[in-house]
Amino acid sequence: MSSDTTTAQEALTFSDLGLSPKVLSAVTDAGYTQPTPIQAGAIPHALLGKDVLGIAQTGTGKTASFVLPMLTRLEKGRARARMPRTLILEPTRELAAQVEENFIKYGKNHKLNIALLIGGVSFDEQDKKLERGADVLIATPGRLLDHRERGKLLLNGVEILVIDEADRMLDMGFIPDIERICEMIPFTRQTLFFSATMPPEITKLTEKFLHAPVRVEVSKAASAATNIIQRLVKSGSKPWDKRETLRNLIKAEDAELKNAIIFCNRKVEVSELFRSLLKYDFDAGALHGDMDQRARMQMLANFRDGKLRYLVASDVAARGLDIPDVSHVFNYDVPIHAEDYVHRIGRTGRAGRSGKSFTIATMSDTKYIDAIERLIGTEIEWHDGDLSTVVASEGEDDAPRRGKGAPRRAGRKDDDRKDRGERKDGGERKKGGERRARHSEEDAPAVAAQQHEQSNAAETPVADVVERRARKDAIRSENTERKSSDRNERAPERGDTRPQRGDNNRPGRQRHQEDNDATVGFGDDMPAFMRIVAKV
């Protein structure tokens, strides 16, 4: 882009884009005067009813680029029951709820009915909103199709279709649902299509459902914002090593850290890291897909309002969540999909602010880091040396268990032992080759109780211990005799003809009790004439 074009865009205001006075008033009240590049490029074409393909990195104002022209066009006409006028598809509940907030903020001068169809909310409550008629319908694909199959929704009145975060739709497997929904909507609709990246599958989708779209691309696809400082941080591969690395990073950045989102790849890692941070007195919350909708929204609200300083989250929070003043992003896990890296670090450095991103990397993450660097087209600097300095320690971690008599590996820190739930004094192993279980973080109360019982046992007088042992031995002996007698008594009742243990009538014992009846070597089969000779 030339300098003259850049200067012209900077001189643009929202009043130059053709928005209605009601919308301009709401935008001014919100404190905005100049549009972002994606807004300046998309809004004029959207107002003319053209299909728009918008490509821009996260945090550049894509939501307002379709909300504002939709509000202007919706000032004329009214919705009918079960037949929404516009449809906005979002990949997650949080994004859908955020878009609803934008319509409420910028549409305060309009009398529009807004319906939000997402999971975790009662069907009956959503049906009531559809019955009143929805000017704006915001939905996730799964819940939308549920209402359609129940006969509560008709899509043949949709005038404007918005597909937001299309690449995230692809990652979550929603593309078949998107294709079904597009076939239910009139061919004459206007389609606004927004995505941060353009993989081949998304390109095919745009070719199928967009008609002569205006392409608005304000940055290279899958690029990271230049105002974000990106660093890689080396770590051992064990969970306690990564947790210690994260704690050290947070402490080192404490002076500049206002709040931070910490991303994990899996929901179970979100829960484990959340508990670990709480144990070390960090003001943290958790956000993942298994939480109910009310808890997720409350957690986001607390983080947005500053009641929580750290938010441990899965990739459910990586796309489009508008938390404008996040100072840091920590990738506890390197994302498996390189595109997710761009969206994660895009949670900081929003609206022109500066931000920092730290990604904790282990030896097994090398291929994922290479994929990320290829995608963003640049190498990420290391914070304090690269992974070559941890090769030796990784080799020890991957080695077989030490044999009997081998020395323990030294150099473990006390806070490492605390994080693993081990005893600080390294107590003795149990006799008989039993392995002592390594306690997880949540087992700490049980460990304390066990140590308390052991200390009480150590203070018990010796005489009491000897008396208890003697009493246990007597009870054990009595039980053994009772079981033996019971077996001998039950055998005749069962009609069991087999010789019982302790039965003196068994043939083997009878042979040894005869009065020198047998001759050595013949046993019970000695002939009669030899028996007579033996008696003589």
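Things to note:
- Tensor-based shape of region 68-151 (alpha-carbon gyration tensor, a/c under 1.5 rounded, otherwise prolate or oblate): oblate
- Here r is the Cβ-Cβ distance between Lys76 and Ser271 and R0 is 35 Å; the resulting FRET efficiency, rounded to 0.05, is 0.10.
- Residues in region 55-96 that a label on Val214 would reach, taking backbone N under 12 Å of a point 7 Å out along Cα→Cβ: 69
- By the count of other C-beta atoms within 10 Å, a proxy for reagent exposure, Asp473, Asp51 are ordered fewest to most as Asp473, Asp51.
- Gain in span if fully extended, Leu12 to Lys111, counting 0.36 nm per residue against the direct Cα distance: 32.8 nm
- Sites Asp29 and Thr188 - FRET efficiency at Förster radius 35 Å, r taken between beta-carbons, to 0.05: 0.50
- Seen through its C-alpha gyration tensor, with square-root eigenvalues sorted a ≥ b ≥ c, region 3-217 comes out oblate because a/c lies at 1.5 or above while a/b is not bigger than b/c.
- Across region 3-217, the mean sequence separation of Cα contacts (distance under 8 Å, 6 or more residues apart), normalised by length, yields a relative contact order of 27 percent.
- Region 124-194: trypsin sites (Lys or Arg not before Pro) in DSSP coil with no more than 16 other Cβ atoms inside 10 Å: Arg150, Lys152
- Gain on full stretching of the segment that runs from Ile475 to Asp283 - 0.36 nm per residue minus C-alpha separation: 63.6 nm
- Between Leu48 and Lys251, the C-beta separation translates, for a Förster distance of 45 Å, into a calculated FRET efficiency of about 0.25.
- Residues Thr72, Thr33, ranked from the fewest to the most other C-beta atoms within 10 Å, line up as Thr33, Thr72.
Values quoted throughout were computed directly from the atomic coordinates according to the rules given, and no laboratory measurement underlies them. These numbers come from a predicted model, not from an experiment. A quick note on method: Cβ atoms are made from the backbone with ideal geometry, for glycine too, and the neighbour counts reach across all protein chains shown.
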